[in-house]
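Novice: One structure, pasted below without further comment.
Readers should treat all values here as calculations from the given coordinates under stated rules, not as data from a laboratory. Predicted model, so just to flag it, every value in this text is computed and none were measured. Reconstructed Cβ throughout: ideal geometry from the backbone, glycine too, with neighbour counts over all protein chains shown.
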Amino acid sequence: MTTPHEHSPLPVGISAEDAASLAAPFAVLADPSRLRIVYSLVEGGAMCVSDIATVAALGESATSHQLAKLRAAGVVRSERRGREIWYSLADSHVRLLLDLAAEHYLGADTIAANGEAS
């Protein structure tokens with residue numbers, strides 16, 4: 001005979017649908033190029049593709065492609081300004097998540113201080 005666990009009743013957990021919704025932004029941020037793009041926007045505010053590409057050290061074509069994925073995931077938003085499209089974070093909570101992750105996994109304010117993980 002087994003004895004009941006002390007945590008009875010069992011916790012409810014999270015539904016499969018909620019877990020998928022919660023995982024989506026993390027999945028899109030798991031790519032290093034997209035993460036560099038998002039950090040560029042976190043630190044620099046709204047920017048056009050060429051400026052983001054320069055800050056993130058990526059080509060403009062690659063940057064544009066990754067921005068489309070970030071936009072589809074709801075991480076960034078776009079706004080037409082004359083002939084250019086400018087991108088910005090869609091939600092300020094993204095910065096909070098990234099700051100917590102950087103502090104936990106990289107040690108301290110590494111990215112904010114250097115613009116790079118060390």
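Novice: Stretch Asp18-Ser33 to full length: gain in nm at 0.36 nm per residue minus the Cα-Cα span? Before the final figure, lay out the partial values.
Specialist: Values: separation 15, 0.36 × 15 = 5.40 nm, distance 2.65 nm.
This chain segment gains 2.8 nm when fully extended.
Novice: Right, here's the next one. For the stretch 1-86, run through the trypsin sites (Lys or Arg not before Pro) and keep only the ones in DSSP coil with at most 15 other Cβ atoms within 10 Å of their Cβ. Mind showing how you got there, number by number?
Specialist: Numbers: sites: Arg34, Arg36, Lys69, Arg71, Arg77, Arg80, Arg81, Arg83; in loops: Arg83.
Those satisfying the criteria are Arg83.
Novice: I would also like to ask the following. Relative to the present Cα-Cα distance, how much length would full extension add between Asp51 and Arg81 at 0.36 nm per residue of separation?
Specialist: Length gained between Asp51 and Arg81: 9.4 nm.
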